[in-house]
Amino acid sequence: MRYLLDTNILVFHAQNGENLDKDVASILDDYENIICVSSEVIKETMHLIRYGKIDVKQWKKPNDIWKSIEEWGFNVDYVKEEHIKVELEKQLRDAEMEKAILKKAVGIFSRVSK
């Protein structure tokens, strides 16, 4: 099976899996699985390292993350234009839904407070 890691899972795995759910840990340890990390997750993690927001012993410098990814046999998926478009569409839908919920809540609050 193919899995795409988010930033938290990548960092928790690098911290010896202490904060990982046991099911997630077993997925990462199963060599039949293909584990992928997006280029955006790598950039975010490098930023967190650079500004001292995370503590991972083997990552003293932002570029140290590459060595770990290679050692673990993880694949890097580079973000493509279609990925960004899908995410943008999702965010627009979410924003419209939030507006609708807020409008409804304001309407209910207005009726109740009269």
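Bear in mind these aren't lab numbers, they're just calculated from the coordinates by the rules spelled out. Quick caveat: nothing in here was measured; it's all calculated off a predicted structure. Methodologically, a virtual Cβ is constructed for each residue, glycine included, from the backbone with ideal geometry; neighbour enumeration extends over all protein chains shown.
General observations
- Given their separation in residues at 0.36 nm each and the Cα-Cα distance between them, Val76 and Gln15 gain 20.0 nm when the chain is fully extended.
- Mean residue ellipticity at 222 nm, helices only, the chain: -20000 deg cm²/dmol; runs of at least 4 DSSP H residues each add -39,500 (n - 2.57), and the sum is divided by the number of residues.
- Most positive-pole-ward Cα, Val76, Phe12, Leu88, against dipole of the chain from beta carbon charges: Leu88
- Neighbourhood net charge (12 Å Cβ-Cβ; Lys/Arg +1, Asp/Glu -1) for Leu4: -2
- Cα long-axis angle, helix 81-113 against the chain (0 to 90 degrees, to the nearest 10): 40
- Shown here for segment 1-87: trypsin sites (Lys or Arg not before Pro) in loop regions (DSSP other than H, G, I, E, B) with at most 14 other Cβ atoms within 10 Å, namely Lys53, Lys57, Lys60, Lys80.
- Intensity falloff of the chain expressed as log10 I(q)/I(0), Debye formula with alpha-carbon point scatterers, at q = 0.17, 0.19 Å⁻¹: -0.88, -1.00
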